[in-house]
Amino acid sequence: MRARIAGHALALVATVLLGGLFSATLVRLAPGFDVDEQQLDPHLNAESVQALRAARRQEHNIFQFYFSYMNRAAHGDLGTSLALGQPVRTLLRDRAPLTLRLLVVGLGLGWVAALTLALTAAWLRLSAYDLLTTLVSGTFLCIPAAVLALLSVLWNVPGSLAIALIVFPRIYRYARNLLAKSYSLPHIITARAKGLGEARILFWHVLPGVAPQLLAVAGVSVSMAVGAAIPVEALCGLAGVGQLAWQAALARDLPLLVNITILVTLVTLLANSGADVIGHMVRAQES
């Protein structure tokens, strides 16, 4: 177990560092990187325009910029946003609570809805009900995240509900197939033939068998929710990290984008690694 955790930690550090470097490289190579909208202001004189260009000059050498960034980050300095003119550390600290609340509530609602429909479909085994739930999940799966975000604005519903509707169909389809396969196993059929109650079959035979796979989906669903938070916050006007990422991308704000990329990568890897370690512990206890 220690070796497994150490391997995850090493992979996490390497992936985070490479992810930050790759994101910085992509932003640097993007068309129009050197263009700043403020330079188009006719009220600026030549010295002001030169000052704006000088502010981005240090970003031309991406390796020098990234090495300098990592050196400052090791001392707690995440840099300053070029577009907003504020320390990145302050921006992330102020906006992270809102995004965290949206993710927790959205994931909670999405998982409750998905598991409720998946469990009832596997338990009832009615073709009409199975068709209905599949149709509902398939409909939400086809709707883009931006459309769900706009609908949440039009209908004045919380942004967390939009995130829940984005992750719900993906969780449901996997959980439905997993539970249907588990209920068709010979020992489950035997338990039903012996007259065991559905609750006992579910909690003592079905859920322990599918727990590791559901934990893996739980880790993946975190990355789904994080990706969904960007259009939801941007279109709903929610001042979270997702909206900050959208603003940074539009402004080609390299210091801010690198920090957000590293943060998102870190959260995603921690969720997946945590789910993998917990799933390994569950399988070890069962064996």
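Read the figures in this text as sums done on the coordinates, not as results from a lab. In this text, all values refer to a predicted model and were calculated from it rather than measured experimentally. Cβ coordinates were reconstructed from backbone atoms using ideal geometry, including for glycine residues, and neighbour counts include every protein chain displayed.
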| task | Could you point to the residue in Leu179, Ile262, Thr15 farthest towards the positive end of the chain's charge dipole, with +1 and -1 charges on the Cβ of Lys/Arg and Asp/Glu respectively? | result | Leu179
| How big, in percent, is the set of alpha carbon pairs in segment 94-286 lying more than 26 Å apart? | 41
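Cβ neighbours within 10 Å, averaged per peptide: list 108-119, 155-166 in order, most packed at the top.
Details: 108-119: 18.8, 155-166: 20.7.
In descending order of packing, they fall as 155-166, 108-119.
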| request: May I ask which residue of Tyr129, Ile163, Gly209 lies farthest towards the positive end of the charge dipole of segment 112-245, with charges of +1 (Lys, Arg) and -1 (Asp, Glu) on Cβ and the Cα centre as origin? | output: Gly209
| said: How high is the relative contact order of the chain? Use alpha-carbon pairs under 8 Å, at least six apart in sequence, and give a whole percent. | reply: 27
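In nm, what is the difference between 0.36 nm times the number of residues separating Val157 and His187 and their Cα-Cα distance?
Values: separation 30, 0.36 × 30 = 10.80 nm, distance 4.45 nm.
Length gained between Val157 and His187: 6.4 nm.
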| Contact order relative to length of segment 203-287, as percent, for alpha carbon pairs under 8 angstrom and 6 or more apart | 42
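Can you give the calculated 222 nm mean residue ellipticity of the chain, where each DSSP H run of n ≥ 4 adds -39,500 (n - 2.57) and the sum is split over every residue, rounded to the nearest 500 deg cm²/dmol?
On the way: 12 runs with 226 residues, N = 287.
Per the formula, -27000 deg cm²/dmol.
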| note | Per the rule of 0.36 nm per residue minus the C-alpha distance, extending Ala9 to Val277 adds in nm 95.3 nm
| said: Along the Cα→Cβ direction, 7 angstrom out, place labels at His75 and Phe63. What is the inter-label distance in nm? | reply: 2.3
